[in-house]
Amino acid sequence: MSASGVEAPDRLLIRDLAQLATPSRRSAPLRRAELGAVDVIENAYVLCEQGRINHVGKMRDLGPLTGEVAELDGRGLSAIPGLVDCHTHACFAGDRVGEFALRASGASYEELHAAGGGILSTVRATRDADEARLDTALERHVAWMLRSGTTTFEAKSGYGLDRETELAQLRVVRRAGGIPTWLGAHAVPPEFTDAGPAAYVDFLLAEVLPDAAQVAEAADIFLERGAFGVEEARRYLQACQNVGLALRLHGDQFTEAGAIPLAIELGARSVDHLESTGPGGIAALAASDVVGVLLPASALFLGRPMPPGRALADAGAAVALATDFNPGSAFCESLPLICSLACTQLGLSPEEALTACTVNAAHVLERAHRKGRLAPGYDADIVLIGADDWRHLAYHLGGPVVHTVLQGGRISWNSRA
Ligand code: NIG
Ligand code: FE
């Protein structure tokens with residue numbers, strides 16, 4: 001992620017923190033009781049060295065430090081791990097504020113999509129933008145995410161749907177410091193309306209996948225009525241897996257169209273959305289290693305039912321939380337707001353919400369060994385919450401809870417700057 005702060009000191013002590021909160025367990029993904037297991041240290045410090053966390057503990061146990069150590073005053077603040085947004089569509093041109101107004105007067109998201117708006121209107125804007133304009137657009141969105149405490153983000157393609165623009169999106173995400181996911185199968189573009197989704201998948205696999213696989217870490221597909229069906233999804237995902245990409249699925253957003261069984265069959269990293277998932281899907285996901293990524297901003301923004309977060313957690317599923325930041329279904333970059341929604345709408349505790357957008361989200365992005373906890377050896381990606389109780393992260397509904405953000409031991413955003 002790009003950042004504009006001072007150089008990282010070799011050693012940094014964040015001292016006199018009111019609290020430090022971190023998911024306890026080193027393994028990932030966390031589920032059942034471990035999902036809510038958060039260690040809280042009062043009157044705490046964090047010692048960072050060479051961009052990593054060297055030590056955390058209580059101030060009274062901090063021994064004398066020799067040599068040069070930069071200090072940051074943590075009085076009145078609470079430290080949590082840098083937030084990890086494992087599902088965004090942050091690389092896009094234009095906006096859909098006009099459609100937002102139409103939806104406010106009664107038009108549905110699916111109707112707008114069927115009439116050539118929705119995803120396809122962002123596809124037109126993104127195809128029209130050159131790569132430098134996409135860089136600028138994403139940099140703006142990354143700055144919004146950063147000041148909300150996101151220190152690691154994934155972003156998908158899927159607004160190009162042609163070879164050139166899909167690859168441009170992936171490069172732009174990589175340049176902005178994000179983790180690129182190839183979502184070539186997001187919608188069927190207009191030039192394939194007559195030939196249909198199967199022919200479009202043929203094109204994607206033959207013409208785009210070989211190059212997309214050089215830049216992306218994962219592949220994703222929108223498995224849904226009006227988008228892609230199970231057979232096309234299996235073919236697309238298997239081909240992507242064969243060239244080394246991890247698998248993700250947009251599933252059960254509007255209908256249960258087979259995403260969970262397919263995700264389990266193929267050993268996908270995650271299935272994301274789940275607003276329509278019923279008891280069978282919940283039980284199947286809970287018995288699997290696939291993470292359920294919950295996107296409550298999308299449900300809220302579209303006036304849809306919330307995903308069954310509590311039922312999934314109680315059944316033992318590994319759940320993560322993400323923004324789904326995109327111009328159509330979730331114009332929201334704030335993981336603190338997502339944590340609020342998780343507590344007020346999904347029935348998760350603040351502790352479960354924290355784990356879901358740190359360790360478990362990092363697991364979805366295959367980075368849980370370095371990201372998502374405040375413990376020795378992890379990257380010094382740290383968010384200082386402007387309150388003496390870290391749970392203000394979720395408590396303050398949409399408020400400016402983030403005081404300071406550090407990435408790799410360097411201040412990359414400060415609310416006072
Ligand atoms: O995750 N459901 C499919 N894709 C996105 C929405 C993209 C858009 O509307 O531009 C989602 O909600
Ligand atoms: Fe999405």
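Given axes a ≥ b ≥ c from the Cα gyration tensor, I'd like to know whether segment 322-417 is rounded (a/c under 1.5), prolate (a/b larger than b/c) or oblate. Taking the square roots of the gyration eigenvalues as a ≥ b ≥ c, segment 322-417 is rounded. Loop-located trypsin sites (Lys or Arg not before Pro) in segment 39-85 (DSSP state other than H, G, I, E, B) with a sparse environment of at most 11 neighbouring Cβ atoms within 10 Å: Arg75. If you run the Gaussian network model on the chain, springs between alpha carbon atoms under 10 Å, then out of Ala320, Ala107, Ala28 the most flexible one is Ala107.
Restriction of the GluC sites (Glu not before Pro) in segment 1-90 to DSSP coil positions whose beta-carbon has at most 15 other beta-carbons within 10 angstrom yields Glu7, Glu68. By other beta-carbon atoms within 10 Å, ranking Tyr236, Tyr159 with the fewest at the front produces Tyr236, Tyr159.
When Lys and Arg each count +1 and Asp and Glu each count -1, what net charge do the other residues less than 12 Å away from Ala93, Cβ to Cβ, add up to? My count for the surroundings of Ala93 gives 0. Among Phe325, Phe192, the order by Cβ neighbours within 10 angstrom, fewest to most, reads Phe192, Phe325. Around the Cα centre of the chain, unit charges on the Cβ atoms of Lys, Arg, Asp and Glu (plus for the first two, minus for the last two) sum to a dipole of about 860 debye.
Does segment 144-245 come out rounded, prolate or oblate by the C-alpha gyration tensor, with a ≥ b ≥ c the root eigenvalues, rounded set by a/c under 1.5 and, if not, prolate when a/b is larger than b/c and oblate if not? Verdict is prolate for segment 144-245.
Does segment 84-364 come out rounded, prolate or oblate, given a ≥ b ≥ c as the square roots of the eigenvalues of its C-alpha gyration tensor, rounded meaning a/c under 1.5 and, failing that, prolate meaning a/b above b/c? Rounded is the answer for segment 84-364, as its axis ratio a/c remains below 1.5.
The H on the amide N of Arg304, modeled in the peptide plane, is under 5 Å from the matching H of no residue at least 5 residues off or on a different chain.
Taking the centroid of alpha carbons for each part, segment 380-402 and segment 342-377 are 15 Å apart. Each stretch of four or more DSSP H residues adds -39500 (n - 2.57); spread over every residue of the chain, this sum gives -9000 deg cm²/dmol at 222 nm. If you run the Gaussian network model on the chain, springs between alpha carbon atoms under 10 Å, then out of Gly51, Gly67, Gly116 the most flexible one is Gly67.
Candidates Thr66, Leu35, Thr122 compared by Cα position along the dipole of segment 26-156: farthest toward the positive end lies Leu35, with charges placed on Cβ. Rounded to whole numbers, the Karplus 3J(HN,Hα) couplings from phi for segment 185-196 are 8, 8, 7, 8, x, x, 5, 10, 4, 6, 6, x Hz, using 6.51 cos²θ - 1.76 cosθ + 1.60 with θ = phi - 60°, and x at Gly and Pro.
Rounded to the nearest 20, the Cβ-based charge dipole of segment 130-218 about its Cα centre (Lys and Arg +1, Asp and Glu -1) stands at 540 debye.
Counting Lys and Arg as +1 and Asp and Glu as -1 over every other residue whose Cβ lies under 13 Å from the Cβ of Ala322, the net charge comes to -3.
Let me check I've understood the local charge: for Ile264, count other residues with C-beta under 15 angstrom from its C-beta, Lys and Arg +1, Asp and Glu -1. What total comes out? Once all neighbours under 15 Å are counted, the net charge is -2.
Ordering Ile41, Ile260, Ile179 by the number of other Cβ atoms within 10 Å of each residue's own Cβ, fewest first, gives Ile41, Ile179, Ile260. When the chain is described by a simple charge dipole with +1 on each Lys and Arg Cβ and -1 on each Asp and Glu Cβ, the residue from Pro327, Tyr45, Leu337 located farthest towards its positive end is Tyr45.
Read-outs: derived from the displayed coordinates by stated rules, not from any lab. Remember, it's a predicted structure, so these values are computed and weren't measured experimentally. Neighbour counts run over all protein chains shown; Cβ positions are idealised from the backbone, glycine included.
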